[in-house]
Amino acid sequence: MEIVIVPDSTAMGELAAGAVADLLAGKPDALIGVATGSSPLPVYAALTRLVGSGSLDVSRARICQLDEYIGLPAGHPESYRAVLEREVLRPLGLPAGAFIGADGTAADLPRACADYEQALKTAGGVDLQLLGIGSDGHIGFNEPCSSFGSRTRVKTLTAQTRADNARFFDSPDEVPRHVITQGIATISEARHLVLVASGEAKAEAVALAVEGPLAAVVPASALQLHPHVSVIIDEAAASNLKLAGYFRATYDTKPSWQGL
Ligand code: F6R
């Protein structure tokens, strides 16, 4: 696990976008797993700038989602499919066909989960998965005490996550209680995990995930078991790390031939 501490969320976005660009340079049709919420927005903005300046070609890239709300009508502006169309596909000029997603409107939800697992396999697996982290340590919507062996399934959001996400809805009651989320084992099959976090509200969760013990109660601690993880965080999100000095020195003296 590599922890990179950057000055602010713009630098965070640029570094993570650089990892996506490097991947696409070698594999133009790579499958990029994307997260929703506020944390990855600077990454999407940086990618959009790279595409706009002509230095990145994403025309063959494929995009897949991490999670999806259940119970929102199809086309609801806060369904994660709609959010990702707005924040990722359209700004990058990607067609709807480039998107692989889970159907949160399905009548048969266990079937929709199994279908999504199969779709990811058929697509050859996720090359790079971008992740945010919940203030309770969740990744995707794997809430505390999710099994490290979990696959895509229906989960119930904690009250804290519903409160955290209420800002996207007209009222807190509108935040769905249930979601489809890739499981921790599903996420862990991605070849490269890139977690981004900014702001002091994430400092405790980041420290527990990175420096704490492996524990289902901190789902993001499962990242410690993955062979290729980049944690890109701003100073505020890094403020609880005991080893911050070591992480800074390591990155500052990193050989230039080594990417993320
Ligand atoms: C959503 C997702 C979640 C968010 C997390 C942080 O697709 O994967 O794990 O990344 O809830 O959300 P923000 O970035 O809004 O703080």
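The listed residues SER256, SER79, once ranked by accessible area (1.4 Å probe) with the largest placed first, stand as SER256, SER79.
Take ARG111: with every protein chain present and a 1.4 Å probe, its accessible area is about 140 Å². Per-residue surface analysis assigns HIS228 an accessible area of about 70 Å², computed on protein heavy atoms at 1.4 Å probe radius. Annotation: extensible slack from GLU235 through ASP29 equals 70.8 nm (criterion: 0.36 nm per residue apart, minus Cα-Cα distance). Farthest toward the positive end of the dipole of the range 2-252, out of ILE100, VAL43, TYR69, is the Cα of ILE100, where the dipole comes from beta carbon charges about the Cα centre.
With the cut-off at 1.5 for a/c, could you classify the range 49-107 from its C-alpha gyration tensor as rounded, prolate or oblate? Verdict is prolate for the range 49-107. The 1.4 Å probe gives accessible areas that order ILE139, ILE5, largest first, as ILE5, ILE139.
Counting only DSSP H runs of at least 4 residues, each contributing -39500 (n - 2.57), and dividing by the residue count of the chain, the helix-based mean residue ellipticity at 222 nm comes to -9000 deg cm²/dmol.
Mind checking the range 117-198 for chymotrypsin sites (Phe, Trp or Tyr not before Pro) that DSSP puts in a loop (not H, G, I, E or B) and that have at most 16 other Cβ atoms within 10 Å?
Values: sites: PHE141, PHE148, PHE168, PHE169; in loops: PHE141, PHE148, PHE169.
Sparse-neighbourhood loop chymotrypsin sites (Phe, Trp or Tyr not before Pro): PHE148, PHE169.
Using a Förster radius of 45 Å, what is the FRET efficiency between GLU174 and ALA249 based on their Cβ-Cβ separation? Nearest 0.05, please.
Working: r = 46 Å, r/R0 = 1.03.
The pair GLU174/ALA249 has a calculated efficiency of 0.45.
About its Cα centre, the range 1-133 has a charge dipole of approximately 280 debye under the convention of +1 per Lys or Arg Cβ and -1 per Asp or Glu Cβ, with nothing else charged.
About the Cα centre of the chain, how large is the charge dipole given +1 on each Lys and Arg Cβ and -1 on each Asp and Glu Cβ? Please answer in debye to the nearest 20.
Values: 20 positive and 29 negative charges, 96 e Å.
Once rounded to the nearest 20, the dipole reads 460 debye.
What shape does the range 2-252 have by the C-alpha gyration tensor, where a ≥ b ≥ c are the square roots of the eigenvalues, rounded means a/c under 1.5, and otherwise prolate means a/b greater than b/c and oblate the rest? Here the range 2-252 falls in the rounded category.
Considering only DSSP beta bridges where both residues belong to the range 2-252, give the percentage that are antiparallel (nearest 5). Spell out each step's value before the answer.
On the way: 8 of 30 bridges.
Here the share of antiparallel DSSP bridges comes out near 25 percent.
Below 30 Å, Cα to Cα, which lysines can LYS254 reach? Residues fewer than 8 away in the same chain don't count. Within the straight-line limit of under 30 Å, LYS254 reaches these lysines: LYS27, LYS202, LYS242.
So what is the relative contact order of the chain, in percent, for Cα pairs below 8 Å that sit 6 or more residues apart? Each step should come with its number before you reach the end.
Details: 515 pairs, mean separation 64.7, N = 260.
The value is 25 percent.
In what sequence, largest accessible area first, do LEU214, LEU84 appear using a 1.4 Å probe? Intermediate values should be presented prior to the final figure.
Values: LEU214 85, LEU84 5 Å².
If we order LEU214, LEU84 from most to least accessible, we get LEU214, LEU84.
Each of ASP8 and LYS121 was given a label point 7 Å from its Cα along the Cα-to-Cβ line. The distance between the two points is 4.6 nm. With a Förster radius of 22 Å applied to the C-beta separation of VAL154 and ALA215, the computed FRET efficiency comes to 0.45.
The values are calculated or read from the model by the stated rules, or taken from the named source; none is laboratory data. Keep in mind that this is a model prediction, so the values were computed, not measured. Backbone-built Cβ (ideal geometry, glycine too); neighbour counts: all protein chains shown. Protein only, heavy atoms only, side chains kept; ligands, DNA and RNA dropped before computing areas. Shrake-Rupley method; radii C 1.70, N 1.55, O 1.52, S 1.80 Å.
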